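First the structure, in the form of C-alpha cells, and then the observations on it.
A short reminder: the numbers here are calculations on the coordinates, not readings from a lab. Here the structure is a predicted model, which means the values were calculated and not measured. Positions of Cβ are generated from backbone atoms using ideal geometry, with glycine treated the same way; all protein chains shown enter the neighbour counts.
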Amino acid sequence: MELTSSAFQQARSIPIKYTCDGANVSPGFAWKGAPAQTKSFALIMHDPDAPRAGGFTHWVLYNIPASVTELPPNLPQEEQIAGCGVQGKNDAGKIGYFGPCPPAGTHRYVVRLYALETELHLTPGASHQEVQKAMRGHILGQSELTGTYARTSHKAA
C-alpha cells in the first residue's frame, strides 16, 4: 500500500496549519494498493520523540470503510464521522486529531495506515493501545508516512 498526504511529503515538515501553532486541523490523506480482502482501515498518528514513555499518539481513526481511499482535511472532532470511520482518543484524552506540538526540538510524526480483514469491535473513543490490540492477527498490510515539525522559539515559549 502507498499512503500520501495532501499536506506534506515523506520526511518533510508538516505545515503550521496542521499543528497546535496553527488551526490544528487534520491533514488530508489518500492511499492505494490495499489488499483485495480489506474490510476496513485504521489510521494512527504517533510521535515517537515525545518526552514520555512510549511517545504520544495524536490521532486514532478506525473502522474506515474498505471503499474509502482518502480522508479529507479538517475532519470534525466527533466520535463517528459518516463515511470516514470512528475516532478514538488521542493521548491528550480527547476525541479526534491533536496536531503536532513538540515542547522542544524537531519531532517525527509517523502516520500508519493498516488494512484489516475485519471491522474492529470497539466503541468510539478507544485508545491506540486498544486499537492495536484489536488489530492483532487481522492486519493484511500497512503503510506509513512520516512528517516532522519543530516549533520556533517564540511559539514554544
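Data overview
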| quantity | calculated |
| --- | --- |
| Eligible lysines near Lys133 by straight Cα distance, threshold 16 Å, same-chain separation 8 or greater | Lys89 |
| Any cysteine of the chain lacking a neighbouring Cys Cβ under 4.7 Å - listed by number | Cys84 |
| Candidate lysines for bridging to Lys17, where Cα separation is under 16 Å - those fewer than 8 sequence places away on the same chain excluded | Lys155 |
| Aspartates and glutamates with Cα under 16 Å of Lys39, excluding same-chain neighbours fewer than 8 positions away | Glu70, Glu117, Glu119 |
| The chain: most fluctuating residue of Gln87, Gln77, Gln129 per GNM, C-alpha cutoff 10 Å | Gln129 |
| In Hz, Karplus ³J(HN,Hα) per residue of the stretch 130-136 (6.51, -1.76, 1.60; θ = phi - 60°; x = Gly, Pro) | 5, 5, 4, 5, 5, 6, 3 |
